[in-house]
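The structure under discussion appears below in the form of structure tokens.
The values are calculated or read from the model by the stated rules, or taken from the named source; none is laboratory data. Here the structure is a predicted model, which means the values were calculated and not measured. With ideal geometry, Cβ positions are generated from the backbone for all residues, glycine too; neighbour counts draw on all protein chains shown. Accessible surface is based on the protein model in full, side chains and every heavy atom, while ligands, DNA and RNA are left aside. Shrake-Rupley method; radii C 1.70, N 1.55, O 1.52, S 1.80 Å.
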Amino acid sequence: MTILVTGSAGFIGSNFVLDWFAGHDEPVVSLDKLTYAGNRANLGSLDGDERHTFVHGDIGDSPLVAGLLKQHQPRAVLNFAAESHVDRSILGPEDFIQTNVVGTFHLLEAVRAYWCTLDTPHKVEFRFLHVSTDEVYGSLAPDAPAFTENNPYQPNSPYSASKAASDHLVRAYHHTYGLPVLTTNCSNNYGPYHFPEKLIPLVIRNALAGEALPIYGDGQQIRDWLYVKDHCSAIRRVLEAGNVGETYNVGGWNEKANLEVVHHICDTLDQEAPRSDGHSYREQINFVKDRPGHDRRYAIDATRLERELGWKPAETFETGIAKTVRWYLDNQGWVENVVSGAYREWLSRQYS
Ligand code: NAD
Ligand code: TYD
């Protein structure tokens, strides 16, 4: 048995693959285009491990994907590959349409063709698991109940619109062709290997570099935060026991305003790596222009996943942030390697 994982060199994909081998010997074929967000070194500990095959390529490259499916005969395809950063989608949406919509379409087509070649028992057991986001549901009023799987899709950014489109394609491939799909819609992740353009790793990196900690608008936008390894355990559980055709919301029951998150990181760093002048990292906070169309609040109701599949997050926000800060302190070489010239160009474009 084998699984094919796309986007495996990115933040969540690499955590997923590394965690997979902590509990399984089942081989993984990894497919990643290695965009700015993909880092081969995230999977470096698997070099020479015959359970793991890394392939550099695009989910939209139909002949490549068809060849991989034919050669490795996976029992499941897990699709993490995407352009994933909202701010980049605002400055340049085209890559988001290309990978998240067109790429997912080509991947689904290749998977459907492969699935049709399987014998009945393998056809029944096969799964296509699509990893998606809570952002497809749009923005919540302060007192509105958290998103359930029945909320209508109301995406507001080019990123969330492109993810919504991919979710709809996945749903249609089940409804129309019978492809055995599963979809997960998860809240904001944080943890090891998170590219430092997203809020939490950016704040940790900038704090330690003595740079400003940019807070968009009033910093009162709310997100639900989930430690990445809890997301990975949810995906494994859904793959193992999810009902075909269903979607599952994944969340941490941790709604926090951005400013509260940043204060918490600063306070943790004050304890773990105090500034040489003895001042708090909170002094580096800088309120900047708000993101256009900024969603005010996301909140996830993960009751279905708990009730039907018995999944619960293992980490609280406090324990997850403590682990994350420790990882970045212990892996500053990783951060140095990913913050290239292109990264600095992005920062100056976004924050100037
Ligand atoms: P990421 O940006 O860190 O990684 C994405 C990976 O996909 C990168 O390794 C990149 O090289 C690869 N990739 C991009 N285009 C590709 C293509 N055309 N073909 C093959 N590989 C390609 O993203 P992430 O945070 O790890 O997110 C993974 C998935 O989880 C995405 O689908 C995202 O929408 C979803 N998600 C993310 C979060 C979050 O908080 N980060 C929350 C919920 C859902
Ligand atoms: P981000 O990590 O980009 O995730 P998403 O937009 O997918 O939720 O941002 C999380 C929140 O933090 C979001 O409300 C935007 C805000 N934010 C800032 O205030 N400053 C920043 O520099 C960044 C990157 C994000």
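Criterion first (farther than 20 Å from residue 179 by Cα and within 16 Å of ligand 2 (Cβ to nearest atom)) does residue 135 satisfy it? Steps first, please.
Details: farther than 20 Å from residue 179 by Cα: yes; within 16 Å of ligand 2 (Cβ to nearest atom): yes.
So residue 135 passes the test.
Name the residues in the stretch 212-236 that are open to solvent by 20 Å² or more (accessible area, probe 1.4 Å) and in contact with a strand residue (DSSP E or B) (Cβ under 9 Å, 6 or more places away or on another chain), would you?
The answer is 212, 216, 217, 218, 220, 222.
Per-residue answers, yes or no, for (1) more than 13 Å from ligand 1 (Cβ to nearest atom); (2) on the phi < 0 side of the Ramachandran plot; (3) within 15 Å of the chain's Cα centre (by Cα):
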site: 54; (1), (2), (3): no, yes, no
site: 62; (1), (2), (3): no, yes, no
site: 70; (1), (2), (3): yes, yes, no
site: 81; (1), (2), (3): no, yes, yes
site: 93; (1), (2), (3): yes, yes, no
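Here is a list: 193, 177, 159, 248. Which entry is farther than 20 Å from residue 347 by Cβ, modelled with pLDDT of 95 or more, touching a Ser or Thr at 6+ places or on another chain (Cβ under 8 Å) and of a type in the set (Phe, Trp, Tyr)? Full working, then the answer.
Working: 193 fails: farther than 20 Å from residue 347 by Cβ; 177 fails: touching a Ser or Thr at 6+ places or on another chain (Cβ under 8 Å); 159 fails: farther than 20 Å from residue 347 by Cβ.
Just one listed residue meets the conditions, 248.
Residue by residue through the stretch 172-198, note down the ones that are over 20 Å from residue 9 (Cα atoms), out of contact with any strand residue (DSSP E or B) (no Cβ under 6 Å at 6 or more places or on another chain) and either within 13 Å of ligand 1 (Cβ to nearest atom) or free of Cβ contacts under 8 Å to residues at least 40 places away in the same chain (or both).
Passing the criteria: 172, 176, 178.
Among the listed residues 211, 109, 125, 135, identify the single one that is within 25 Å of residue 252 (Cβ to Cβ), modelled with pLDDT of 95 or more and of a type in the set (D, E, K, R). Reasoning before the result, please.
Details: 211 fails: within 25 Å of residue 252 (Cβ to Cβ); 109 fails: within 25 Å of residue 252 (Cβ to Cβ); 125 fails: within 25 Å of residue 252 (Cβ to Cβ).
Criteria check complete, one pass: 135.
Could you tell me whether the stretch 53-65 includes any residue that is open to solvent by less than 50 Å² (accessible area, probe 1.4 Å), within 16 Å of ligand 2 (Cβ to nearest atom) and not in a helix (DSSP H, G or I)?
No, every residue in the stretch 53-65 fails to be open to solvent by less than 50 Å² (accessible area, probe 1.4 Å), within 16 Å of ligand 2 (Cβ to nearest atom) and not in a helix (DSSP H, G or I).
Anything in the stretch 140-159 that is polar (S, T, N, Q), open to solvent by 50 Å² or more (accessible area, probe 1.4 Å) and either closer than 27 Å to residue 7 by Cα or in a strand (DSSP E or B) (or both)? List them, or say none.
Within the stretch 140-159, the subset polar (S, T, N, Q) is 148, 150-151, 154, 156-157.
This time we only want the ones that are open to solvent by 50 Å² or more (accessible area, probe 1.4 Å), so: 150, 154, 156.
Listed by number, the residues that qualify are 154, 156.
Just need a number here: residues in the stretch 66-117 that are more than 16 Å from ligand 2 (Cβ to nearest atom), of a type in the set (Gly, Ala, Ser) and not in a strand (DSSP E or B).
Going through the stretch 66-117 one residue at a time, the tally reaches 6.
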